[in-house]
Every structure is written in structure tokens, then in C-alpha cells.
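The values are calculated or read from the model by the stated rules, or taken from the named source; none is laboratory data. The structure displayed is predicted, hence computed values, not measured ones. Glycine also receives a Cβ, built like all others from the backbone with ideal geometry; neighbour counts cover every protein chain displayed. Note: accessible area is taken over every heavy atom of the protein model, side chains too, but ligands, DNA and RNA are not part of it. Shrake-Rupley method; radii C 1.70, N 1.55, O 1.52, S 1.80 Å.
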Amino acid sequence: MFLFPAGVSAPTQKKSFLDSSWTRVGRTAGAGLCALTLFGDPAAAQTAERTWHLSVYGSRWVNADLLEIPERTFTGELTAEDAYFVGAGLSRVIVPSFAIPLPGTDFAFRGNRIELEGQVLRHFGDQSHWEGTIALMFRTGQIPLFGGLSVNLAFGEGLSYASERPRLEGSFRVEPSRFLNYLAFEAEFSHASLPGVYFVPRIHHRSGIFGLVAERESGSNFIGAGIRMDLR
């Protein structure tokens, strides 16, 4: 698993990510999850394993390297630029549910899946271009929370290609690159009363893999969320 530094953004006035309008969206989504937990019917559960699913996303550029995002989020020091994207993704499960045994015990992590995901994204704001990604996603099994709410976690590794050189990526020393490595990190929340519908917070990361596919200081990080629906 690689964790790569993101590029240096253009010198503009930094805006707190937590004070942005995206925070209000997050609060609304959080309220929706709480409402599902309180008023949903936990007895209504999914009965079939999915094969295809469709997602729609919105995300915003954040000024942090990938490993800095958790700390800056909790300390309130995470800032953002006026650069966004919206888009859609289609995924196909290519390895259905399998278990990963814990050596030396009778315990196993069950319900894991491997998926192939493709996305088409439109960037707007301080940079304007199209982006396409393709990635293999490893997804855990469901983790029960409370009141019929559950979550799974996923990590994706793949490739990203931009229709133009992204204006904010790179630095004064490095020209932005259209082709970069792509990583995705997400949590997929669901409730038993709405089978096949999910709320998905997500990190979208582009980088040059420490100079392997592009010069160092190339790349970006976006944080956002989306809605996902199973297509079966």
C-alpha cells in the first residue's frame, strides 16, 4: 500500500475546509444518518450480494499531504481552495465475498470484496478540466454500528488522467502532469431500512509516487461525499 505526498497548490488565500459550505452539506448528511438510525426499520436488510453499483460525488481541494489530513481535520487546521469536482462512478464486483483468516486463531475477516471502478469527473472553480480514473478497490465486510446502521471501508489503487494539466497541481518548480497515480479511501454507510442505498465520504488522491510516474510535488487531495446505489 502506497501513501504519497500531494502537490503544492497555487498561492491563494487559504480557506478553512471546516468553515466551508461543504461542512453544512456534511452536517445535513450526518443528520440524515442519525434519522435513519432512529426511525429506520432494522429488520429490513439486504438479501442479495450486489454485483454493480453506481455513485455520484462532489469534492473539494484541501491543502494537505495525504498523511496530514486526519490530524488537520481534528485540529481544525485543514484549509481548502475554491477548486471542486462533481462526477459519477460505476463499479463491478470482480471477486465476491471472501474471508481472510487470522493466523493461529479460528477468527476470520469475512465479507471482503474486490471491485473494479471507473469514474468520470468534472473539475470547476480555480481549475477547469475533465478527469477519468480506473482503480481496483478492496472493500471490507460490513461492520455493525447501532440501530441498524453499518459501515464498510474501502481502499483503491489505480490511474488518473486529466484532460488538461491541472492548474493547481505541481509547484513553482514542477509542471503539473495529466497522468498520475490514483488512490481512493472511503467509508460506505448504510441502514437496514434502505437496502442498496449508501452514504459515502471519500478522499480522492493523485500523486507521482515519489517521482515514479511524475516529478515530486505533483498531485492533489480532494475530500467529499456521495450517494451510491446498487444496480445488482
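Keeping all protein chains in place, calculate the accessible area per residue for the range 166-205 (probe 1.4 angstrom), answer in Å².
Computed with neighbouring chains in place, this is 35 Å² per residue.
Over the range 123-232, what percent of the accessible surface lies on carbon and sulfur atoms, probe 1.4 Å?
68
Could you work out the relative contact order of the range 149-232, using alpha carbon pairs under 8 angstrom and six or more residues apart, expressed as a whole percent?
Result for the range 149-232 is 29 percent.
Relative contact order for the range 65-113 using alpha-carbon pairs under 8 Å, separation at least 6, rounded to a whole percent?
Dividing the mean separation by the residue count of the range 65-113 yields 24 percent.
Have a look at F185, G170, G89 and report the one farthest towards the positive end of the charge dipole of the range 74-223, computed about the Cα centre with Cβ charges (Lys/Arg +1, Asp/Glu -1).
Projecting each Cα onto the dipole axis, the largest value belongs to G89.
Relative contact order (percent) for the range 40-147, with alpha-carbon contacts under 8 angstrom and 6 or more residues of separation?
Relative contact order, the range 40-147: 23 percent.
Quick check on the range 61-119: take the gyration tensor over C-alpha atoms, sort the square-rooted eigenvalues as a ≥ b ≥ c, and tell me if it's rounded (a/c under 1.5), prolate or oblate.
Note, shape of the range 61-119 comes out oblate.
Could you sort 222-232, 197-207, 97-107 so that the peptide with the highest average Cβ count within 10 Å comes first and the rest follow in order?
Highest to lowest by the protection proxy: 197-207, 222-232, 97-107.
Kindly identify the range 109-157 as rounded, prolate or oblate by the Cα gyration tensor criterion: order the square roots of the eigenvalues as a ≥ b ≥ c, call it rounded if a/c is under 1.5, otherwise compare a/b with b/c, prolate if a/b is larger, else oblate.
Oblate, since a/c reaches 1.5 and b/c is not below a/b.
Applying 1/(1 + (r/R0)^6) with R0 = 35 Å to the Cβ-Cβ distance of L145 and I209, what FRET efficiency is obtained, to the nearest 0.05?
0.50
Using every alpha carbon pair in the range 132-232, what percent of pairs falls into each 5 Å bin from 0 up to the bin containing the largest distance?
3, 12, 19, 20, 14, 11, 9, 7, 5, 1, 0
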